[in-house]
Amino acid sequence: MGMDKSLKVTAGVSLLSRLMLGLAWALLVMAVLMVMTARNLLPEAPDKWTYDWRTYFFSKRAETQRTDIALVLINEDTLAQYPYNVV
């Protein structure tokens with residue numbers, strides 16, 4: 001019976017120390033976020049960082065390459081034979 005009591009006390013102290021450590025960690029994270037917010041170091045919207053990820057992971061993918069889309073490159077070399085005026 002004496003061993004059962006000591007186990008309960010040890011488990012209780014361990015749980016209390018974990019709770020205090022978790023509370024300290026939460027307060028530290030909150031303080032860092034508050035300082036970063038006050039100094040304008042956080043982004044406006046976190047979802048702006050993930051637009052490309054969302055498109056890549058959640059968009060439907062074409063089974064075959066599309067033939068109704070053309071890519072036309074226009075630069076100085078392609079316009080050299082035509083008279084044009086840049087304003």
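The values are calculated or read from the model by the stated rules, or taken from the named source; none is laboratory data. Being a predicted model, the structure only gives us computed values, none of them experimental. Positions of Cβ are backbone-derived with ideal geometry, glycine not excepted, and every protein chain shown enters the neighbour counts. The protein model used for the area step is the full one, side chains on, heavy atoms only, and it has no ligands, DNA or RNA in it. Shrake-Rupley method; radii C 1.70, N 1.55, O 1.52, S 1.80 Å.
Summary of computed values
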{"read-out": "Exclusive hit being modelled with pLDDT under 85 and open to solvent by 90 Å² or more (accessible area, probe 1.4 Å), set 3, 34, 30, 20", "value": "3"}
{"read-out": "Positions within the stretch 43-57 being over 8 Å from the mean Cα position of the chain (by Cα) and not aliphatic (A, V, I, L, M), in sequence order", "value": "43, 44, 48, 51, 52, 53, 54, 55, 56, 57"}
{"read-out": "Count of the stretch 41-86 residues which are within 30 Å of residue 31 (Cβ to Cβ), part of a helix (DSSP H, G or I) and open to solvent by less than 100 Å² (accessible area, probe 1.4 Å)", "value": "3"}
